[in-house]
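Asker: After the structure tokens below, expect a handful of questions from me.
The values are calculated or read from the model by the stated rules, or taken from the named source; none is laboratory data. All values derive from a computational prediction rather than experimental measurement. Here the Cβ positions follow ideal geometry from the backbone for every residue, glycine too, while neighbour counts run over all protein chains shown.
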Amino acid sequence: MQSRGPVLSGLFTDNGLGLLAAYIERAGYKPVIFDYNNTETIRDVAQHGKEGFVKGAVDEIDQFVKQKELSIIGFKAYANGFRDTVSMISQLKHRNPKLKVVIGGPHVGWFGKHILNASTEADYAIIGEAEESLPMLIDSVYKGGTVQDIPNLIYRHGKDLVQNPRKFTKLDDLLHPIYNKEVYRDIESKIFVPVVENSRGCWWNKCSFCAYPLTNGLFRQRPVEQVVAELEHNKNTFGAAFSRLADPSPSPKALHKLVDNLGPEYRLSSFIRTAKGYDFEKLARNFITFFVGVESANHHALKNVLNKTNDPERYLADARKMLSDAERAGISMNVSMIIPSPGETDETMQESIDFILETQPHYFTCLPLGPIPGRPVSEKALEQGESGDLVLKDSHLSEGIFYEVDPLLPHDQWMDPLWYLRVNGELHPNAFEITKELIGQTMEAGIPPSSDEVVLMAYLMNNGLSDVKEENRRQVFDFMMKARASLAEGNFEETEKLKDTINANQGIRWP
């Protein structure tokens, strides 16, 4: 969880944990999910402080381990809260020296073997997908056997760290995540808007900055019949007609086929790629909002720095048409950009802001480039050193693995970046300050920040959103700010009311 407690998006049900539980159960074991990103945690942190909450969580897990005589447990690691994850593992290992601990999640995809250097008492890590790897590892712990053939596994061999070859899950017969209370014990303290996978990986897979090639590999499409079956299962079992699709860049064909097979009662949000061919009038039957990473409106940044496209002029023309067509169809668009990227100037950054002011999407989100280990933009920075447009501090790995950005705090209270970006020819120690000034222009023009999952929550909280753009923006922004204030203040009652209202308007029932 976040260093000071859960954040808004973290209150969503975790489909990844539910999915792994399904594969563990199929292997003959009984999984139990402890998901501390929930509303009860807000009350615990408010009453006992973050340290008191962590101690209580360790006590609870320790008691469960001893009661059930467990031999292995797993932690899902994110950038935010990883220091607490390491601390919890250390405390649990001291109390249970024979207990095996495995770490998974996005943070392992970013840092690979370095995870086990940071968490010296964890035994294993799984990089990328774990549907096959985790049951195999559990078998090796309980039934004996070696770990050399377990795909995606990182483990200790003497003083060395070994990473087994990567393997990616076939999506032809993906199981449904488990959301029952016997397995997902904190499910009723979550906002139940299921995240449903319709593909993995990215069709482009060339962006210099993005983590998807590290974590998800090559693009794989899940059969639309299975996507529909999971959506129908969630609605028939739990009443959940609102869902978020997890695909980072679905094609027009995939989304059109999905809509062809869904009833109008299903309401969705999704990422979307910048491309021609989307029939937004058709998609409006099921989709409320889309999130698109345009990233920049400067040709050099798009092609030569971010490697987002080979044809910036066509790319930006497609983006303009998409935004116009979506608005005409009544679908709101969340546009995201990376400003500044390495080597920008006032003029190039203003090109991107002018694009937003011209196209007037419903919402606009912006952050400076943050280097991810192993990606081309970071590798280039290591090669060029202080002469480059991105300069990494010597501690970018050792401290970067614990670096987090807390969206509940003002920008000036965020951790200092472990990198410098060259802007206007000079290395800048904190590009967040530049981004903050630029966002001021779009905020002044009435374009608030948001994301597709926030729009879904605001829609459910208000039992619908206005068709008038300005009023829609106000509803979403007011919801987001009120929710964030409740979280930042540790206001359990308000956050619980928000969660209960969303789940009630979603029609959630617990079998």
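Asker: Among the residues of the stretch 442-458, write down those that are buried (at least 22 other Cβ atoms within 10 Å of the Cβ), assigned to a loop (DSSP other than H, G, I, E, B) and of a type in the set (A, V, I, L, M). Can you show your working first?
Answerer: Going residue by residue through the stretch 442-458, those that are buried (at least 22 other Cβ atoms within 10 Å of the Cβ) are 442, 447, 450, 452, 454-458.
Add one more test, that the residue is assigned to a loop (DSSP other than H, G, I, E, B), and what stays is 447, 450.
Result: Ile447, single match.
Asker: Are any residues in the stretch 39-51 closer than 17 Å to Phe82 by Cα and without any contact (Cβ under 8 Å) to a residue 40 or more places away in the chain, and if so, which ones?
Answerer: Once the filter is applied, which keeps residues that are closer than 17 Å to Phe82 by Cα and without any contact (Cβ under 8 Å) to a residue 40 or more places away in the chain, the stretch 39-51 yields only Glu51.
Asker: Among Ser249, Ser270, Ser324, which is the only one that is without any contact (Cβ under 8 Å) to a residue 40 or more places away in the chain and closer than 21 Å to Thr365 by Cα? Before the answer, list the steps.
Answerer: Numbers: Ser249 fails: without any contact (Cβ under 8 Å) to a residue 40 or more places away in the chain; Ser270 fails: without any contact (Cβ under 8 Å) to a residue 40 or more places away in the chain.
When all the criteria are applied, what remains is Ser324.
Asker: Consider Gly16 against the criteria (1) of a type outside the set (S, T, N, Q); (2) at pLDDT 95 or above; (3) over 16 Å from the mean Cα position of the chain (by Cα): it satisfies all of them except one. Which criterion is unmet?
Answerer: It is condition (3) that Gly16 fails.
Asker: Identify all residues within the stretch 306-322 that are outside any loop (DSSP other than H, G, I, E, B) and more than 16 Å from Glu351 (Cβ to Cβ); write none if there are none. Explain how you work it out, then say what you get.
Answerer: Going residue by residue through the stretch 306-322, those that are outside any loop (DSSP other than H, G, I, E, B) are 312-322.
Passing the criteria: Arg314, Asp318, Lys321, Met322.
Asker: If you don't mind, there's one more thing I want to ask. Look through Asn298, Asn334, Asn286 and report the one residue that is assigned by TED's automatic domain parsing to the domain that holds Ser466 and farther than 25 Å from Asp467 by Cα. If you could, list the steps in order and put the result at the bottom.
Answerer: Values: Asn334 fails: farther than 25 Å from Asp467 by Cα; Asn286 fails: farther than 25 Å from Asp467 by Cα.
Of Asn298, Asn334, Asn286, the one residue that is assigned by TED's automatic domain parsing to the domain that holds Ser466 and farther than 25 Å from Asp467 by Cα is Asn298.
Asker: Please go through the stretch 101-123 and pick out each residue that is of a type in the set (D, E, K, R) and surrounded by fewer than 19 Cβ atoms within 10 Å (Cβ to Cβ). Write out each step before concluding.
Answerer: Step one: list which residues in the stretch 101-123 are of a type in the set (D, E, K, R), which gives 113, 121, 123.
Within the stretch 101-123, Lys113, Glu121 meet the criteria.
Asker: Between a residue in the stretch 471-488 that is under 15 Å from Asp452 (Cα atoms) and any residue that is part of a helix (DSSP H, G or I) and β-branched (Val, Ile, Thr), which pairs come within a Cβ distance under 6 Å, given they are 6 or more apart or on different chains?
Answerer: So the pair list comes out as Val476/Val455; Met480/Val454.
Asker: In the stretch 464-483, what count of residues is obtained for those that are out of contact with any Leu (no Cβ under 6 Å at 6 or more places or on another chain) and not in a loop (DSSP other than H, G, I, E, B)? Spell out how you get there, then give the answer.
Answerer: Of the residues in the stretch 464-483, the ones out of contact with any Leu (no Cβ under 6 Å at 6 or more places or on another chain) are 464-471, 473-474, 476-482.
Cutting the leftovers down to not in a loop (DSSP other than H, G, I, E, B) gives us 469-471, 473-474, 476-482.
Residues that pass the stated criteria total 12.
Asker: Just need a number here: residues in the stretch 345-368 that are hydrophobic (A, V, I, L, M, F, W, C), over 13 Å from Ser332 (Cβ atoms) and in contact with a strand residue (DSSP E or B) (Cβ under 6 Å, 6 or more places away or on another chain). First the steps, then the outcome.
Answerer: Going residue by residue through the stretch 345-368, those that are hydrophobic (A, V, I, L, M, F, W, C) are 349, 353, 355-357, 364, 366-367.
Narrowing further to those that are over 13 Å from Ser332 (Cβ atoms): 349, 353, 355-357, 366-367.
Next, from what is left, pick out any that are in contact with a strand residue (DSSP E or B) (Cβ under 6 Å, 6 or more places away or on another chain): 356, 366.
The number of residues fulfilling the criteria is 2.
Asker: State the number of residues belonging to the stretch 170-191 that are farther than 18 Å from Ala229 by Cα, under 19 Å from the mean Cα position of the chain (by Cα) and either part of a loop (DSSP other than H, G, I, E, B) or not aliphatic (A, V, I, L, M) (or both).
Answerer: Selection size over the stretch 170-191: 1.
Asker: Here's a follow-up. Going through the stretch 252-267 one residue at a time, which ones are free of Cβ contacts under 8 Å to residues at least 40 places away in the same chain and farther than 18 Å from Val455 by Cβ? Working first, answer last.
Answerer: We begin by selecting, within the stretch 252-267, every residue free of Cβ contacts under 8 Å to residues at least 40 places away in the same chain; these are 252-253, 255-257, 259-266.
Answer for the stretch 252-267, where residues must be free of Cβ contacts under 8 Å to residues at least 40 places away in the same chain and farther than 18 Å from Val455 by Cβ: Pro252, Lys253, His256, Lys257, Val259, Asp260, Asn261, Leu262, Gly263, Pro264, Glu265.
Asker: Could we say that His157 is surrounded by 15 or more Cβ atoms within 10 Å (Cβ to Cβ) and either within 20 Å of Phe75 (Cβ to Cβ) or not small (Gly, Ala, Ser) (or both) here? Walk me through how you get there before you give the answer.
Answerer: Values: surrounded by 15 or more Cβ atoms within 10 Å (Cβ to Cβ): no; either within 20 Å of Phe75 (Cβ to Cβ) or not small (Gly, Ala, Ser) (or both): yes.
Against the criterion (surrounded by 15 or more Cβ atoms within 10 Å (Cβ to Cβ) and either within 20 Å of Phe75 (Cβ to Cβ) or not small (Gly, Ala, Ser) (or both)), His157 does not qualify.
Asker: Taking the stretch 408-428, which residues are over 22 Å from Leu306 (Cβ atoms) and either assigned by TED's automatic domain parsing to the domain that holds His107 or surrounded by fewer than 17 Cβ atoms within 10 Å (Cβ to Cβ) (or both)? Give the derivation first.
Answerer: Narrowing the stretch 408-428 to residues over 22 Å from Leu306 (Cβ atoms): 408-416.
Leu409, Pro410, His411, Asp412, Gln413, Trp414, Met415, Asp416 - these are the residues of the stretch 408-428 that are over 22 Å from Leu306 (Cβ atoms) and either assigned by TED's automatic domain parsing to the domain that holds His107 or surrounded by fewer than 17 Cβ atoms within 10 Å (Cβ to Cβ) (or both).
Asker: Separate question: Take the residues in the stretch 340-389 that are under 13 Å from Val294 (Cα atoms) and in a helix (DSSP H, G or I), then tell me which one is farthest from the chain's Cα centre (by Cα).
Answerer: Glu351
Residue by residue, here is whether (1) on the phi > 0 side of the Ramachandran plot; (2) hydroxyl-bearing (Ser, Thr, Tyr); (3) assigned by TED's automatic domain parsing to the domain that holds Ser199; (4) assigned to a helix (DSSP H, G or I) holds:
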| residue | (1), (2), (3), (4) |
| --- | --- |
| Leu19 | no, no, no, yes |
| Glu25 | no, no, no, yes |
| Gly28 | yes, no, no, no |
| Thr41 | no, yes, no, yes |
| Val54 | no, no, no, yes |
| Glu60 | no, no, no, yes |
| Gln67 | no, no, no, yes |
| Phe75 | no, no, no, no |
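Asker: Provide a single number: the residues in the stretch 390-441 that are in contact (Cβ under 8 Å) with a residue 12 or more places away in the chain, under 17 Å from Ser341 (Cβ atoms) and in a helix (DSSP H, G or I).
Answerer: Looking only at that region, the number is 8.
Asker: Restricting the search to the stretch 414-465, which residues are among the hydroxyl-bearing types (Ser, Thr, Tyr) and either within 30 Å of Ala240 (Cβ to Cβ) or touching a Phe, Trp or Tyr at 6+ places or on another chain (Cβ under 6 Å) (or both)?
Answerer: Of the stretch 414-465, the ones among the hydroxyl-bearing types (Ser, Thr, Tyr) are 420, 435, 442, 450-451, 459.
Result: Thr442, Ser450, Ser451, Tyr459.
Asker: Just to be sure before I move on: is Ser87 surrounded by fewer than 20 Cβ atoms within 10 Å (Cβ to Cβ), over 21 Å from Gly16 (Cα atoms), touching a strand residue (DSSP E or B) at 6+ places or on another chain (Cβ under 9 Å) and of a type in the set (Ser, Thr, Tyr) in the structure I sent? So that I can check it myself, show each step before the final result.
Answerer: Working: surrounded by fewer than 20 Cβ atoms within 10 Å (Cβ to Cβ): yes; over 21 Å from Gly16 (Cα atoms): yes; touching a strand residue (DSSP E or B) at 6+ places or on another chain (Cβ under 9 Å): no; of a type in the set (Ser, Thr, Tyr): yes.
No.
Asker: So, in the stretch 241-274, how many residues would count as being over 16 Å from Asn198 (Cβ atoms) and in contact with a helix residue (DSSP H, G or I) (Cβ under 8 Å, 6 or more places away or on another chain)? Spell out how you get there, then give the answer.
Answerer: First, the residues of the stretch 241-274 that are over 16 Å from Asn198 (Cβ atoms): 241, 263-265, 274.
With the extra rule that they be in contact with a helix residue (DSSP H, G or I) (Cβ under 8 Å, 6 or more places away or on another chain), the set shrinks to 241, 265, 274.
Qualifying residue count for the region: 3.
Asker: Would you mind finding the one in Tyr403, Tyr420 that is at pLDDT below 95, within 29 Å of Arg83 (Cβ to Cβ) and of a type in the set (Phe, Trp, Tyr)? Can you show your working first?
Answerer: On the way: Tyr420 fails: at pLDDT below 95.
Residue meeting the stated conditions: Tyr403.
Asker: Only one of these conditions is not met by Ile126: (1) buried (at least 20 other Cβ atoms within 10 Å of the Cβ); (2) touching a residue at least 60 places away in the same chain (Cβ under 8 Å); (3) not polar (S, T, N, Q). Which number is it?
Answerer: The failed condition is (2).
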